[in-house]
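*Asks:* Would you mind keeping the following structure in view while I ask a few things?
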Amino acid sequence: FLHKFDQRIQVRPGEVIIWQGSSGDAFYALESGQCDVLKDGRSVSKIQAGKTFGDLALVNNATRQATIRATQVCKLWLFTRNQFRDLAVKQELEQIEERIQFLQQIQLFSKLVRTSLEKIAEVMVLKSYNTGERIIKQGDAGDAFYMIVSGRAVVTQTTTFGSSAGTELARLGPGMSFGELALIEDAPRKASVTASCACKCWTVDRHSFKSLFGSMDEALNESIGVSMLQKVRILEALTDRQLQVVARCLVSKKYLEGEVIIKQGDVGDSFYLIADGEVSVQVNHIQVATLEGGSFFGEMSLLSNEKRSATVSAIKDTSCLVLSRNDFNEHLGTIEEVNEEARRRKEAASRPRGDTGSGLFMSLRRVSGSFFSASPTSSPSQSLARAKSMGNVKGTNALFSTTNAMFELSSLERVKKIGSGTFGTGFLVQHT
């Protein structure tokens with residue numbers, strides 16, 4: 001832990017390292033030497049080499065409870081609260097990545113896109129069980145799903161009411177899971193699972209899962225929708241985040257055998273992804289193709305309201321995920337706009353670093369907590385004068401507290417349409 005930081009300090013005998021009553025913002029590890037601990041001016045203990053102090057400062061900025069003074073030449077390692085938090089964030093990200101890799105091996109989650117797996121990884125809880133400890137009990141209400149990290153467990157089921165012994169159904173090991181029905185419905189457990197040795201399991205409770213996705217069906221529909229949308233050529237310019245936004249707009253619809261889904265000559269306003277089933281494509285009452293699960297049709301309706309060029313009917317009961325042009329435009333704007341944005345972003349990425357090209361720029365300057373746009377060529381005095389005229393700053397020293405951010409418009413990824421008004425349309429964007 002210590003070698004991750006270069007902040008190593010040395011103090012002479014008699015120097016104060018921490019003053020009682022001061023605000024704490026650093027944690028110390030004493031490598032060599034000795035320190036005196038004083039409370040209200042009185043020595044109460046000693047700190048020897050190898051010990052640490054000031055750890056509460058890593059959590060909050062509470063006032064120091066004692067004064068620490070060197071009694072010998074001391075060498076110390078210094079860790080600020082910000083450094084500690086950066087390290088904690090890095091470790092948390094590494095742990096989440098490990099959980100995602102684990103989830104990808106679980107069959108129930110194998111079809112989910114990465115963004116969905118990231119959400120699940122954040123709510124997973126690691127639990128430990130001793131040999132012989134019951135993890136879930138037959139008949140109890142199911143409220144969590146379990147994935148074995150280490151150890152083993154045995155699945156048993158009791159068929160006679162009141163019987164203590166159960167029939168062994170299966171043995172489970174690392175990478176295996178159980179209790180998945182708890183994520184879908186509030187039903188009693190069908191069997192008991194007991195740890196046959198020391199066992200650790202990742203768990204996801206139904207409340208957390210539903211707060212993220214609503215239901216398992218919704219999560220799978222979104223994941224399946226993204227994977228299918230990636231195959232549609234006219235949507236190939238969409239980023240993963242944009243595809244996820246579009247996938248949330250998909251509406252599940254079922255069609256009975258023989259039912260007409262779209263009719264030749266009708267004005268098209270929706271695009272269809274076949275989740276399950278089979279359809280017939282007919283032009284002038286002549287069958288020209290059949291499409292099965294994973295295929296799609298009607299995609300040109302996302303571009304315009306041209307008339308349908310064919311009739312599509314269900315050969316057998318079929319489920320489709322349907323996207324309307326209005327929903328697409330409402331969330332991301334027109335496909336033409338999205339494609340143009342992607343083209344500009346690609347051009348900007350291919351230019352040498354420092355070459356601004358001919359793209360438009362947006363410069364934001366924060367002054368005393370407020371944002372206003374400023375030309376890249378504005379001088380500090382011009383910018384400050386403009387800020388004052390807008391009522392954002394007071395005094396002449398405000399500019400020293402400013403921070404600047406300049407983005408080329410082509411580097412901003414359109415995430416979602418916010419709304420339209422008299423002067424145009426507003427979008428939520430993210431810097432890529």
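The values are calculated or read from the model by the stated rules, or taken from the named source; none is laboratory data. Small disclaimer: the values here were computed from a predicted structure and weren't measured. So basically every Cβ, Gly included, is an ideal-geometry build from the backbone, and we count neighbours across all protein chains shown.
*Asks:* Considering Asn305, Asn339, which residue is touching a helix residue (DSSP H, G or I) at 6+ places or on another chain (Cβ under 8 Å) and modelled with pLDDT of 70 or more?
*Replies:* Asn305
*Asks:* Follow-up question, since we're still on this one. Return the residues of the stretch 315-326 that are crowded, with 18+ Cβ neighbours inside 10 Å and either in contact with a Gly (Cβ under 6 Å, 6 or more places away or on another chain) or within 18 Å of Ser304 (Cβ to Cβ) (or both); say none if nothing qualifies.
*Replies:* Thr318, Leu321, Leu323, Arg325
*Asks:* Can you give me the number of residues within the stretch 103-142 that are among the acidic types (Asp, Glu) and within 30 Å of the chain's Cα centre (by Cα)?
*Replies:* Adding up the residues that qualify gives 2.
*Asks:* Still on this structure: Among the residues of the stretch 67-86, is any outside any strand (DSSP E or B), out of contact with any helix residue (DSSP H, G or I) (no Cβ under 7 Å at 6 or more places or on another chain) and farther than 30 Å from Gly24 by Cβ?
*Replies:* no
*Asks:* Follow-up. Return the residue satisfying two criteria in turn: it lies in the stretch 320-341 and is assigned to a helix (DSSP H, G or I) and among the β-branched types (Val, Ile, Thr), and of such residues it is farthest from Thr239 (Cα to Cα).
*Replies:* Ile335
*Asks:* Could I ask something else about it? Test Val338 against the criterion of being β-branched (Val, Ile, Thr), surrounded by 14 or more Cβ atoms within 10 Å (Cβ to Cβ) and within 26 Å of Leu112 (Cβ to Cβ), and give yes or no.
*Replies:* Considered against the rule, which asks whether it is β-branched (Val, Ile, Thr), surrounded by 14 or more Cβ atoms within 10 Å (Cβ to Cβ) and within 26 Å of Leu112 (Cβ to Cβ), Val338 comes out as yes.
*Asks:* Go over the candidates Phe27, Phe79, Phe84 one by one and state the one that is at pLDDT 85 or above and surrounded by 11 or more Cβ atoms within 10 Å (Cβ to Cβ).
*Replies:* Phe27
*Asks:* Any residue in the stretch 200-214 that is among the acidic types (Asp, Glu) and at pLDDT 85 or above?
*Replies:* The answer is yes, given that some residue of the stretch 200-214 is among the acidic types (Asp, Glu) and at pLDDT 85 or above.
*Asks:* Can I ask one more? If you scan the stretch 245-276, which residues turn out to be under 14 Å from Phe296 (Cβ atoms), of a type outside the set (Val, Ile, Thr) and part of a strand (DSSP E or B)?
*Replies:* Listed by number, the residues that qualify are Lys253, Ser270, Phe271, Tyr272, Leu273, Ala275, Asp276.
*Asks:* Mind telling me which of the residues Leu243, Leu256 ends up being modelled with pLDDT under 90 and either surrounded by 15 or more Cβ atoms within 10 Å (Cβ to Cβ) or more than 31 Å from the chain's Cα centre (by Cα) (or both)?
*Replies:* Within the list Leu243, Leu256, the selection yields Leu243.
*Asks:* From Ala121, Ala144, grab the single residue that is touching a strand residue (DSSP E or B) at 6+ places or on another chain (Cβ under 7 Å), in the same structural domain as Thr203 (by TED's automatic domain parsing) and surrounded by 19 or more Cβ atoms within 10 Å (Cβ to Cβ).
*Replies:* Of Ala121, Ala144, the one residue that is touching a strand residue (DSSP E or B) at 6+ places or on another chain (Cβ under 7 Å), in the same structural domain as Thr203 (by TED's automatic domain parsing) and surrounded by 19 or more Cβ atoms within 10 Å (Cβ to Cβ) is Ala144.
*Asks:* So, in the stretch 23-40, how many residues would count as being under 23 Å from Val73 (Cβ atoms) and outside any strand (DSSP E or B)?
*Replies:* Counting residues in the stretch 23-40 that are under 23 Å from Val73 (Cβ atoms) and outside any strand (DSSP E or B) gives 1.
*Asks:* If you go through the stretch 100-117 one residue at a time, do you hit one that is under 30 Å from Thr156 (Cα atoms), touching a residue at least 40 places away in the same chain (Cβ under 8 Å) and part of a strand (DSSP E or B)?
*Replies:* No, the stretch 100-117 has no match at all.
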